[in-house]
Each structure stands twice: as C-alpha cells, then as structure tokens.
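Please read the structure below before turning to the comments.
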Amino acid sequence: MKEFNIKKRLMLPLKEKDVLSLHAGDFVLLTGLIVTGRDKLHKFLVKEKPSRKEIPFDLQGSVLYHCGPVVRKKANNYEIIACGPTTSIRVDMYEPEVIFRYGFKGIMGKGGMGEQTLNALKVNHCVYFHAIGGAAVYLAERIKRVVGVWKLEEFGIAEAMWALEIDNFPAIVTMDSYGKNLHNTIEKKSYEELRKLIRL
Amino acid sequence: MLKLRDILVELYRETATSLPYEIETKLKKIFKIENSNAKEALKVILENIKMAREFEKPICQDTGVPIFFIKAPFGISHNYIKNEIIKATRIATRNIPLRANAVDVLTDKNSGDNTGIGFPVIYIEEVNNSKLIIELMLKGSGSENIGQIYKLPIQEIGAERDFDGVRKCVLDAIYKAQGRGCPPYFIGIGIGATKDQVTRLSKEQLLREIEDKNKNSLLDALEKKILKDINKLGIGPMGFKGKTTALAVKIGINHRHPASYFVDVSISCWAHRKSKVILKI
C-alpha cells in the first residue's frame, strides 16, 4: 500500500488525552471498535433515549460512524462489502445530545457539522473525523470483523447500528475539541472568492 | 442470445463497480496538482476505484437511485422494457449486491429490493433508428441533496435573466454545497420554461462525457467560464481545499416562457457512475 503522510495512529476507545492531542488538519489511522449510526438511529436515540445498558456495545470513548453499509449475510456472520461515510450534517440536530448521553469521543462522517455539534465537541472533549467519501471498498477492506449489529430488524441494513473492528482506517480531523473547524475556514475563504466572482 | 434482463443486470454491475475510465484518468491528473489532505484523499479514491473494479464491488456504499435514460426504436413496447428493468433491479440488488435504497414514504419501510413507486426512475423516448440505447446512472444522494433549482431573477445574488445570471446561480449552488457532496463535482445545468422540464434536462447533461464539447458556441463558452469560476472557490477534492472543485460543467436548454427563466443545477459526486449499452434490434 502507498504510504500516507500520517500524523497519528490511534487506538480505540479514545481517551481524554487522545482527544486533546488531536487538531484540525491531522491525518489519522484508527484501530479498534467503532459503531455505525445514521438518520434513523440518531432520531431513535434522541426520541426514545435507550439507556446505555440496552445497547449491546460499550460506547464509552467509542467512535460513531455516519455510514449505511452494503452488507452480505454469510453463514454465521456478515460481510461488509462497502462502507464509506454518509453526509453528517443531516444528524447535526441530534448529535450534541447523542455525544453527551452515550459518551462518544469521536464522530466520523463526511462534509462536517454545524455550530451546535462543534460546541458539543468542545464541551464533551470529542472530535470529528472526516472519512474519505465514496472510498467504500477501500474502507471495507479496513474492517477486520463485524462484532455485532443492533436494531437490524427494525431499521434495516443501512440504518442499523453495526459494531465493527477496524484496522488502520484513514480519516482527517476536521473539527477538534478546541473549537477549530476546517470546514468553516474553507467556507469563509470560498465566500470571499464568491463575492469577487459575482460582485456582491 | 442474452435476454434483456440479463443485459440489464450486467449494466448494473458495470455501473456500480467500474467508474468510467475518462473520469479515472481525470482524477489521476488532478492528483498530481493537488496538495496536503486533498491529495491524501485522492490517493485513497484512486486506490478505491481500482479495488472496486478488481473485486467487482460497489465503488460507493450508496448505490444511489437508479436512473434509466432509454432511446427505443419504433415497435418495442415501453412497458416490456420497464418490466424487465424492475426484474433486473431485483436480481442486481441481490447479486452484486446493491444497497436497498427505496423507502416507502407512507410506512418508512425499505422495500429491500430497490423497487417501489417511481423507483427506479425510467425515462423512455422513441427514436427514429434501429438501435435500443440504454443508459444507466446510479445517482448518489449525497450529491443529489446539494442540487438546487433557481427562478430568475434573484436579487440577493444579482442574478438577472441572462447567461451571467445562470453563472451566478451555479456558483451560489456550489458555494452552498461546499464539500458535502463529495467533490470534485460533475455539474449538469438545465434552462427552460417549467420546473419538471429543467430538472430532467440538467440530469441528462450529466450523461455527457467530460471532453464532450457543446455544439452551440455560446453555451460552450459559458460551460468553460463557469467551470473556471467554480474552481476559483478553492473548496477542492472532498472539501479539503484545493484547485479542483469541479471536473465538468454541461448545459442544456429548452425554450422558456416570457415570464419564466428556470435554472436547475444537478450535481454528481466524483464517483459519477454511468454506463451505456447499445442493442441492435
């Protein structure tokens, strides 16, 4: 495999000091347990407020990955065929409560999130990882094992919570626990250009 | 001879797992000129394209909304084609596999096989020759969600009812989209009289190849100008900052009503999955 310009290798679950060592712009490789969750799961967590005990995985310090994978059922387990990130902004309104209630130390998706989540990252010492959008087969190859799945019957394959053991999964920190948001920086810059281009 | 259904299943497989070579070539070119995290992202993207083709697995987990654009000669039943598409969609979803993406609005249940009301999307028109041409686009929804429709004039962005107004709309759409739809983008634009017409027209533009030059020189110039301006925004691959925010801009026009000037902007992610099959009848 081609070598990355790697800043950090991180083991999950994340600890307080791990989070504080991360800064917007860092390229990282993640190893350990993550769980997936997208639109339906976020709504469910905030509306129904299941306790941590009701969820079959230990979420403390874990990373919540915005992803609806393609999965093939095998004899005794599942095979993740494709698993790139989905657009994170859709769950922005739920994320602060989800981070606070379930103890996530990382959120992973694509496209970045809004001010309320940025603030929640700061308050709860959490970080946003930007995965590579569309790189679904590449990222599926970085999954070593499907640990389990929750809410499969109710939500279906794409919307269920999958617990996955990942190995050297590449991502870029774009929102850190110090309130720095790369997306905002790039947006502001592009706004200056836009103003020039349309003479606002 | 192969059945139409089998041909359609293979069309699905090719579209979902193998990105058009011209797009891959273009991405390799921009890899050379981008830097930092955008370059790292492109490295993963290029590797992913190769792996998907080799393993025959979907390039992206969002295998999208299947959209068929069909040109059928006189004498072929359109209903027959539609039925074969439905059957092929079910087989392709199971065998490739594709992600089941058709959700019932009433019950919120996923049909599980990518079929449902108006799903897949199928456009058929009769043409005056003996070939059946079927084009399939698997339209990812991350990029579909950032599309916009504009009704000119729009004072806030100074967009009047002319080509410069069109340019301003597209820049506004891409500025608002930022990196959320997986850039570098492909952009289709439709201009015309009614909302339904321009949205289809803008989608059809996404079928055009990168190097396809607009036959009308005014539109050709506008396409180039808009592409150049978009790439000045600096959003870059995956929204990580860079020189390449879009790879192509294509414009289609219809006549408009004196009172209406609609501009629709359809956007595709870098994983712009489309394939074509031509059958002699």
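Quick one: is A:Ala163 closer than 22 Å to B:Glu56 by Cα, small (Gly, Ala, Ser) and in contact with a strand residue (DSSP E or B) (Cβ under 9 Å, 6 or more places away or on another chain)? Criteria not met by A:Ala163.
A single entry from B:Lys43, B:Lys57 fulfils the requirement of being closer than 20 Å to A:Pro69 by Cβ and within 13 Å of another protein chain (Cβ to nearest Cβ): B:Lys57. Counting only strands (runs of 3 or more DSSP E) wholly contained in region A:1-88, the ones carrying 3 or more residues that are more than 28 Å from B:Ser141 (Cβ to Cβ) occupy A:8-11, A:27-36.
Here is a yes/no grid of residues against (1) charged (D, E, K, R); (2) within 22 Å of A:Lys49 (Cβ to Cβ):
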position	(1), (2)
A:Tyr94	no, yes
A:Leu118	no, no
A:Phe129	no, no
A:Ala135	no, no
A:Tyr138	no, no
A:Lys144	yes, no
A:Gly148	no, yes
A:Ala158	no, no
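Under the condition of being within 17 Å of the chain's Cα centre (by Cα) and buried (at least 20 other Cβ atoms within 10 Å of the Cβ), the residues counted in region A:151-167 number 8.
Restricted to region A:32-90, and to residues there that are touching a His at 6+ places or on another chain (Cβ under 9 Å) and of a type in the set (S, T, N, Q), the residue that is nearest to the other protein chains (Cβ to nearest Cβ) is A:Thr87.
Out of the residues in region B:29-40 that are part of a helix (DSSP H, G or I) and within 13 Å of chain A (Cβ to nearest Cβ), state the one that is surrounded by the fewest Cβ atoms within 10 Å (Cβ to Cβ). If we take residues in region B:29-40 being part of a helix (DSSP H, G or I) and within 13 Å of chain A (Cβ to nearest Cβ), then B:Ser36 is surrounded by the fewest Cβ atoms within 10 Å (Cβ to Cβ). Residues in region A:14-56 that are under 23 Å from A:Met161 (Cβ atoms) and among the charged types (D, E, K, R): A:Lys15, A:Asp18, A:Arg38, A:Asp39, A:Lys40, A:Lys43, A:Lys47, A:Glu48, A:Lys49, A:Arg52, A:Lys53, A:Glu54.
Restricted to region B:45-141, the set of strands (runs of 3 or more DSSP E) holding at least 2 residues that are within 24 Å of A:Ile132 (Cβ to Cβ) and among the aliphatic types (A, V, I, L, M) comprises B:131-139. Residues in region A:133-150 that are surrounded by 24 or more Cβ atoms within 10 Å (Cβ to Cβ) and of a type in the set (Phe, Trp, Tyr): 1 in all. With respect to being at pLDDT 95 or above and buried (at least 24 other Cβ atoms within 10 Å of the Cβ), A:His130 fits the description.
Out of all the residues in region B:88-100, which are out of contact with any Phe, Trp or Tyr (no Cβ under 8 Å at 6 or more places or on another chain) and within 12 Å of chain A (Cβ to nearest Cβ)? Passing the criteria: B:Thr93, B:Arg94, B:Asn95, B:Pro97, B:Arg99, B:Ala100.
Does region B:130-141 contain any residue that is crowded, with 20+ Cβ neighbours inside 10 Å and not hydrophobic (A, V, I, L, M, F, W, C)? Among the residues of region B:130-141, at least one is crowded, with 20+ Cβ neighbours inside 10 Å and not hydrophobic (A, V, I, L, M, F, W, C), which makes the answer yes. Here B:Arg161 meets each of (1) in contact (Cβ under 8 Å) with a residue 60 or more places away in the chain; (2) within 12 Å of chain A (Cβ to nearest Cβ); (3) part of a loop (DSSP other than H, G, I, E, B) with one exception, condition (2).
The values are calculated or read from the model by the stated rules, or taken from the named source; none is laboratory data. Not measured: the values here are computed from a predicted model. Cβ sites come from the backbone with ideal geometry, for glycine too, and all protein chains shown count toward neighbours.
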